[in-house]
1. Please state which one of I21, I27 is at pLDDT 90 or above, outside any helix (DSSP H, G or I) and surrounded by 14 or more Cβ atoms within 10 Å (Cβ to Cβ).
2. Within the range 30-47, can you find the residues that are among the charged types (D, E, K, R) and either part of a helix (DSSP H, G or I) or within 9 Å of the chain's Cα centre (by Cα) (or both)?
3. Show the residue pairs meeting these rules: Cβ distance below 6 Å; 6+ apart or different chains; first residue within the range 29-42 and farther than 19 Å from E15 by Cα; second residue part of a helix (DSSP H, G or I).
4. Hey, among the residues in the range 3-18 that are touching a helix residue (DSSP H, G or I) at 6+ places or on another chain (Cβ under 6 Å) and in a helix (DSSP H, G or I), which one's surrounded by the fewest Cβ atoms within 10 Å (Cβ to Cβ)?
Amino acid sequence: MELLKIIQEDIPLTEKPFKHIANRLNIPEEDVIRELKKLKEKKIGRAS
């Protein structure tokens, strides 16, 4: 999953880091946030 690769890198120190990630993945920011919440629930990646 590309999102996992990105969150293992440094998350950008910007006003909207999830928007930056969404732009890299060409998906809506809301999808990034939703997927990160799922990853956190499963205790996967940096989100845990």
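The values are calculated or read from the model by the stated rules, or taken from the named source; none is laboratory data. Quick caveat, the model's predicted, so the values are computed rather than measured. Don't worry about glycine lacking a Cβ; one is built from the backbone with ideal geometry, like all the others, and counts go over all protein chains shown.
1. Sole residue among the options that is at pLDDT 90 or above, outside any helix (DSSP H, G or I) and surrounded by 14 or more Cβ atoms within 10 Å (Cβ to Cβ): I27.
2. Residues satisfying the conditions are E30, D31, R34, E35, K37, K38, K40, E41, R46.
3. E35/L3; L39/G45; L39/A47; K40/A47
4. Here the answer is L4.
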